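What follows is a set of notes on a single structure, which appears directly below.
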Amino acid sequence: MVADMVDNSGRWDWNRLSQWLPNEALERIVAVKPLQNGAGDDNPGWRWEKNQNCSTKSAYKALENDISADRNHVLSKIWKLPIPQRVRVCIWLVAHQRILTNMESRVMQEPKLVKYGNQIVEDFISTNYNRIRPKVNHLASWCLPANGWMKANCEGAVNPNDGSAAIGGVIRNEQGMWQIGFSRSIGHCTSLAVELWATHDILNHAWQLGYRKIELETDNLEVVKIITRSSNILANTLLVDDILELISRPCNENIQHIHRCKNVVADKLAALSWGKPMGEMVFDSPPLEVLNEVQQDMLRCGYC
């Protein structure tokens, strides 16, 4: 039984699970909350829909993504490039052989040219995606919390290259001083699930450290809706129930949806655990990989 795979502390018994399951399965179990007493009956759910209801559309998309995942993970970045929209459209058209030119008939007759053209587009995106940076608006910069409060930023991210999921978070005080940061691998799961895990862990860290006035910020609007009970997506799941229980404790939380520009430190912390073994890294001071972003936040927070 599944309950036999949970140890006395309420965590997955990885020693027993690893005897029966391959690593690929273990990486998906990491993102699943272990069974708990009194959690209620099991309910089937369709993991490709946020409301957990099966649909033909989501089934078709899942099959289509499996077939074209290797190519789509690169081309999907076209619409995220911080460049003029007309340039994005042009790159997309080139990538899908939709540009009409004098060479069209020749390209149609020689598949090698099509493949070569696609490779140029993919190479361009892979090379320049992380080099092109949008201009930072001070209005979209990280801000200090109110006096007597702590600012908690969290981020969950799925690596587009291998699908590995990881979370990160940081808590800073009213002067912007680092209190704690963390990064943890979540194996493989959906983008919404990993964002919820980030929210769960940052709230748990804040509670364990005795912080009772928390300004929680996330760049995922769906997470804000879920934990403020304005959305019933993933309602009654163990992970969401745990988050709601943490929020219901005797403390004050101010939950806000923010722009990604305000969440850069948490985003980089999450990326530290992409593809890493299961386990959490906790930082009492900023690690070298995010030190520059922390300093930039301190410089810009005066504009808030």
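Brief remarks follow.
- The stretch between residue 46 and residue 18, if pulled fully straight at 0.36 nm per residue, gains 7.5 nm over its current Cα-Cα span.
- Amide H within-cut-off set for residue 13, under 5 Å, with H built and near neighbours excluded: 6, 7
- Applying the Karplus relation 6.51 cos²θ - 1.76 cosθ + 1.60 with θ = phi - 60° to the stretch 266-276 yields 3J(HN,Hα) values of 4, 4, 5, 5, 4, 5, 5, 9, 4, x, 7 Hz, where x marks Gly and Pro.
- Gain on full stretching of the segment that runs from residue 28 to residue 288 - 0.36 nm per residue minus C-alpha separation: 90.6 nm
- Working note: Karplus 6.51/-1.76/1.60 with θ = phi - 60° gives the stretch 82-90 the couplings x, 10, x, 4, 5, 6, 4, 4, 4 Hz, where Gly and Pro are set to x.
Since every read-out is calculated from the coordinates, none of them should be taken as a lab result. The structure presented is a predicted model; accordingly, all values stated were derived computationally and were not measured.
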